[in-house]
1. How high is the relative contact order of the chain? Use alpha-carbon pairs under 8 Å, at least six apart in sequence, and give a whole percent.
2. Please check: in the Gaussian network model of the chain (C-alpha springs, under 10 Å), which one of 163, 229, 118 has the largest mean-square fluctuation.
3. Could you run the Karplus curve 6.51 cos²θ - 1.76 cosθ + 1.60 with θ = phi - 60° over segment 156-165 and give me ³J(HN,Hα) per residue in whole Hz, x for Gly and Pro?
4. Return the FRET efficiency for the residue pair residue 156, residue 300: r is the Cβ-Cβ distance, R0 is 41 Å, and the value is rounded to the nearest 0.05.
5. Report the Stokes-Einstein translational diffusion coefficient (µm² s⁻¹, integer) for segment 112-171, Rh taken as the Kirkwood radius over Cα pairs, at 25 °C with viscosity 0.890 mPa s.
6. Work out the FRET efficiency for residue 183 and residue 248 from their Cβ-Cβ distance, taking R0 = 22 Å, and round it to the nearest 0.05.
7. Hey, got a sec? Which GluC sites (Glu not before Pro) in segment 213-297 land in a DSSP loop and have at most 16 other Cβ atoms within 10 Å?
8. Please report Rg over Rh for segment 1-44, where both radii come from the alpha carbon positions and Rh follows the Kirkwood definition.
Amino acid sequence: MKISTAIVQKQGALLNIENAQLDDPKPNEVLVKIVSSGVCHTDAAGRDMGMTPYPLALGHEGAGIIEKIGSSVTTVRPGDHVVLSFSYCGHCENCLSGHPANCVHLNELNFGGHNFDGSHRIHDESGNDISTFFGQSSFSSYSVVDEHGVTKVSKDVDINVLGPLGCGFQTGAGTVLNYLKPEFGSSIVIFGTGAVGLSAIMAAKIIGMDNIIAVDVYDNRLKIAKELGATGVINSTIENPNEIIQKVTRFGVDYSIDTTGVPQVIKTAVTALKPSGVCALLGIAGDVTFNIQQDIMGESKKVVGVIEGDAIPQLFIPKLVNYYQKGMFPFDKLIRFYNFKSINQAFEDSANGSVIKPVVKILDD
Ligand SMILES: NC(=O)c1ccc[n+]([C@@H]2O[C@H](COP(=O)([O-])OP(=O)(O)OC[C@H]3O[C@@H](n4cnc5c(N)ncnc54)[C@H](O)[C@@H]3O)[C@@H](O)[C@H]2O)c1
Ligand SMILES: [Zn+2]
Ligand SMILES: [Zn+2]
């Protein structure tokens with residue numbers, strides 16, 4: 001079928017809304033009419049870093065309505081509201097043991113640009129292949145995705161706000177609720193108060209953590225962090241995070257999370273831990289040097305990478321929606337809407353820090 005989709009033709013280029021052809025869903029796939037899609041920092045990485053071959057149709061926080069299902073699909077039906085999330089195989093050891101975000105095929109399925117069988121489902125008007133992103137490419141009028149890639153959600157909630165649950169909000173909240181599982185009354189410091197960091201803060205508040213410290217370079221973001229549950233905030237351009245953390249917690253925090261991807265900040269996130277503390281790395285980052293004896297092993301610290309909050313989207317996203325409906329996970333406060341034609345502005349406003357979670361309305365245009 002003919003679709004309208006936002007394509008990056010070459011590394012670092014702006015997104016351009018173009019006509020393309022989308023294949024019919026295979027037996028294990030569904031066709032989704034996209035209503036809106038969040039913009040995640042990882043979309044900008046896909047645009048600029050070249051990890052997925054170009055031309056590339058971006059978007060991986062889609063929300064929409066099931067239009068058609070493949071012959072073997074049983075979990076959703078036409079008319080269902082769904083959130084699109086990351087792609088996983090469902091068959092490997094990690095998928096089968098309840099950790100699809102650690103799927104051994106995760107990189108191939110989400111960043112390889114093609115389907116599991118090597119084929120492409122999006123083509124330009126001359127029939128040339130276009131890469132998919134996260135198995136969804138949701139900055140599009142329609143997406144075809146594997147059944148594993150959709151989560152049915154309640155129709156009682158405005159579908160326009162739900163897309164970011166598929167990545168950014170799930171990642172921050174899931175890292176706390178599924179992975180770190182902190183004890184009631186324990187302490188955490190969260191570096192970076194974008195969509196991922198702020199959803200981690202909301203989750204820390206849900207659990208009843210005692211000290212929830214937020215660090216950023218923007219006062220406007222730290223103000224929101226406080227509103228959402230941070231018990232203390234640090235602007236690291238003015239104050240030294242470690243001095244304050246040591247003062248507040250005495251021996252350091254139980255947990256830290258980095259969402260900045262900045263090497264120096266990652267080092268601070270490890271220093272901030274008390275002995276045996278756990279640091280979860282969520283931001284895309286390059287090389288960082290540690291002295292293993294002094295910084296990690298000598299104090300039994302753990303430094304771990306966590307993908308997509310170690311979530312099973314089909315179980316976790318409905319829980320987050322439930323907490324949202326109760327007013328305990330008010331992620332809609334972070335959203336600003338854009339029309340489809342303004343998609344590059346949405347990316348720009350995310351990059352310059354003025355908007356925390358841009359969401360592009362696709363159906364409106
Ligand atoms: N692990 C995963 O599965 C996963 C999923 C989604 C996003 N991500 C990644 O997580 C990161 C965060 O995503 P986001 O959407 O929240 O991005 P974002 O850009 O909105 O948030 C990053 C925050 O870090 C702050 N920051 C930057 N430099 C800093 C510094 N030196 N000190 C303190 N704060 C600083 C920024 O001001 C910003 O508020 C990105 O790298 C993104 O690609 C990872
Ligand atoms: Zn798998
Ligand atoms: Zn993302």
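Since every read-out is calculated from the coordinates, none of them should be taken as a lab result. Values in this document were obtained by computation on a predicted structure and should not be read as measured data. So basically every Cβ, Gly included, is an ideal-geometry build from the backbone, and we count neighbours across all protein chains shown.
1. Averaging sequence separation for qualifying contacts and normalising by length gives 17 percent for the chain.
2. Comparing 163, 229, 118 in the GNM, the peak value goes to 118.
3. 6, 10, 4, 4, 4, 8, 8, x, x, 5
4. Details: r = 46 Å, r/R0 = 1.13.
The computed FRET efficiency comes out at 0.35.
5. 184
6. Working: r = 18 Å, r/R0 = 0.80.
Working from the Cβ atoms, E equals 0.80.
7. Hits after loop and neighbour filter: 239.
8. Here the Rg-to-Rh quotient is 1.01.
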